[in-house]
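Right, one structure below, let's go through it.
The values are calculated or read from the model by the stated rules, or taken from the named source; none is laboratory data. Computed from a predicted structure; not experimentally measured. We place every Cβ from the backbone using ideal geometry, glycine too, and count neighbours over all the protein chains shown. Quick note on the areas: whole protein, heavy atoms, side chains included, nothing else; ligands and nucleic acids left out. Shrake-Rupley method; radii C 1.70, N 1.55, O 1.52, S 1.80 Å.
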Amino acid sequence: MAYKFAAQLYTLREELKEGIIPLFKVLKEMGWEGVQISALPENYDQQEVAFALKENNLQAAGMHISLDRLTNDLDGVIKEAELYETKDIILPSIPKELHHAEGFKEVKRRLNHIAKEAPEQRISYHNHAFEFDIEINGQDGLHYLLNPANDNHILAEVDVYWVKKAGKDPLEYLTPYANRMPIIHLKDMTNDARQTFAEVGTGVIDFIPILQWGKANGIEWYAVEQDICERPPLESLEISLRNLQEFARKIN
């Protein structure tokens with residue numbers, strides 16, 4: 001199975017304001033197979049996004065949707081996902097007011113309810129590092145949310161940078177989520193005291209074992225997100241893509 005790489009649009013949140021259709025064209029010409037829907041301009045036109053995807057032969061590698069919208073506009077979210085021809089809906093973070101044990105329990109309850117209300121969709125959670133500071137029933141908050149039990153319908157969208165930032169080994173952390181993680185988030189960490197965001201392949205994270213693990217354990221999309229770039233974001237994404245393509249060639 002060939003690796004499918006997608007650009008996470010949060011990386012390009014400022015560029016999106018200049019035009020969705022031309023930006024998608026640039027991403028396709030750069031070599032991306034998909035984009036992960038996120039950070040679109042206020043009052044964006046869903047039909048324009050759908051047109052931009054089809055016009056440039058890009059796939060939607062899931063959508064990042066806020067807890068508020070998932071709770072209050074689930075029908076609208078499902079219709080938008082269907083328009084973009086994706087079944088992956090991801091909660092990108094937990095609101096700060098819920099950063100405590102009871103808050104996490106409420107989020108887990110809500111996401112499982114949403115998964116039952118939308119059985120044709122896959123509901124996932126994307127982590128940062130704060131989840132590791134929450135303890136629930138003797139485990140960290142992320143393990144609690146993503147517990148791979150039959151009665152838990154929340155899938156994983158593990159972000160390897162944030163796992164590393166929390167002092168964990170990314171590859172080891174992925175293991176419990178075999179065939180429960182359709183999309184993974186890739187970004188690197190600088191090899192200095194800052195431990196900040198870096199282009200894939202330029203920092204301290206070893207990506208080849210992660211790609212190998214993903215190939216064997218059901219990952220469908222590898223989404224590259226760089227929250228802050230120290231060069232033009234499109235340039236950062238191009239560096240990450242070229243390095244990932246080279247890593248994939250070494251594996252194959």
query = Can you spot a residue in the stretch 88-95 that is over 25 Å from LEU234 (Cβ atoms), assigned to a loop (DSSP other than H, G, I, E, B) and at pLDDT 95 or above?
reply = yes
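Hey, could you check the stretch 22-43 for residues that are farther than 30 Å from ASN252 by Cα and loosely packed, with under 14 Cβ neighbours inside 10 Å and say which is nearest to the chain's Cα centre (by Cα)? It would help to see each step written out before you state the result.
Of the residues in the stretch 22-43, the ones farther than 30 Å from ASN252 by Cα are 22-23, 38-43.
Within this subset, residues satisfying the condition of being loosely packed, with under 14 Cβ neighbours inside 10 Å are 22, 41-43.
Details: PRO22: 23, PRO41: 19, GLU42: 21, ASN43: 22 Å.
This residue is PRO41.
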task = Mind counting the residues in the stretch 199-215 that are assigned to a loop (DSSP other than H, G, I, E, B) and of a type in the set (A, V, I, L, M, F, W, C)?
result = 3
inquiry  = Any residue at all in the stretch 180-191 that's more than 30 Å from ILE114 (Cβ to Cβ), open to solvent by 30 Å² or more (accessible area, probe 1.4 Å), without any contact (Cβ under 8 Å) to a residue 60 or more places away in the chain and among the β-branched types (Val, Ile, Thr)?
reply    = no
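Counting only residues that are part of a helix (DSSP H, G or I) and free of Cβ contacts under 8 Å to residues at least 12 places away in the same chain, which one in the stretch 105-132 is least open to solvent (accessible area, probe 1.4 Å)?
By that ranking, first place goes to GLU106.
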task = Could you check how many residues of the stretch 221-252 are open to solvent by less than 20 Å² (accessible area, probe 1.4 Å), more than 13 Å from ALA198 (Cα to Cα) and not in a helix (DSSP H, G or I)?
result = 3
task = Could you please let me know if GLY218 is open to solvent by 20 Å² or more (accessible area, probe 1.4 Å), within 17 Å of ALA7 (Cα to Cα) and assigned to a loop (DSSP other than H, G, I, E, B)?
result = no
request  = Filter the stretch 154-176 down to the residues that are of a type in the set (A, V, I, L, M) and assigned to a loop (DSSP other than H, G, I, E, B), then identify the one that is surrounded by the most Cβ atoms within 10 Å (Cβ to Cβ).
outcome  = VAL158
Single residue of the stretch 60-104 satisfying the filter (under 18 Å from ALA156 (Cβ atoms) and of a type in the set (D, E, K, R)) that is least open to solvent (accessible area, probe 1.4 Å) = ASP88
task = Return only the number of the condition from (1) over 24 Å from ALA39 (Cα atoms); (2) in contact (Cβ under 8 Å) with a residue 60 or more places away in the chain; (3) not aromatic (Phe, Trp, Tyr) that GLN226 does not satisfy.
result = (1)
